Amino acid sequence: MASVPVSFSCHTEHDQDVLDWLAGLDAHGQNKSEAIRAAIRASWLTNSLTLGDVLNEIGEIKRLLRSGVVVQGGAAASPDQPEMSDEEKAAQAALDALDF
């Protein structure tokens, strides 16, 4: 079978961890293509929740809470409660996504 070159781009700030990882592979003489394929397969083939997923969701919750969002329980709103704002719904969705 023939090899097919594939490329992607990284942002110098948002993807610095990826760039550091790739530089580390170079420094240790490791095959970048092999390592990238292994990382993609590990991510793709495991549909389980990762620590990174949890930390990302916690970061989003912190951001929402800092913006003043207040989340009250996970139950449906009762008639005497006002409807949740879009930010409150986003915070609730972030909390619900942590269900594992």
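The values are calculated or read from the model by the stated rules, or taken from the named source; none is laboratory data. This is a predicted model, so every value here is computed, not measured. Please note: Cβ atoms are built from the backbone with ideal geometry, for glycine as well, and neighbour counts cover all protein chains shown.
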Of everything in segment 13-32 that's under 30 Å from residue 86 (Cα atoms) and either in contact with a Leu (Cβ under 7 Å, 6 or more places away or on another chain) or charged (D, E, K, R) (or both), which residue is surrounded by the fewest Cβ atoms within 10 Å (Cβ to Cβ)? 13
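When residues of segment 65-87 are filtered for being hydrophobic (A, V, I, L, M, F, W, C) and either modelled with pLDDT of 85 or more or in contact with a strand residue (DSSP E or B) (Cβ under 6 Å, 6 or more places away or on another chain) (or both), how many remain?
Of the residues in segment 65-87, the ones hydrophobic (A, V, I, L, M, F, W, C) are 65, 69-71, 75-77, 84.
Filter again for either modelled with pLDDT of 85 or more or in contact with a strand residue (DSSP E or B) (Cβ under 6 Å, 6 or more places away or on another chain) (or both), leaving 65.
So the answer is 1.
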Cβ-Cβ under 8 Å, sequence separation 6+ or interchain: first residue in segment 27-41 and within 13 Å of residue 5 (Cα to Cα), partner at pLDDT 90 or above and surrounded by 12 or more Cβ atoms within 10 Å (Cβ to Cβ). Which pairs? 32/22; 32/25
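Based on what the data block shows, is residue 47 modelled with pLDDT of 90 or more and loosely packed, with under 11 Cβ neighbours inside 10 Å?
When the stated conditions are applied, residue 47 does not pass them.
Got a sec? Which of 35, 97, 91 is surrounded by 12 or more Cβ atoms within 10 Å (Cβ to Cβ) and at pLDDT 85 or above?
The unique qualifying residue is 35.
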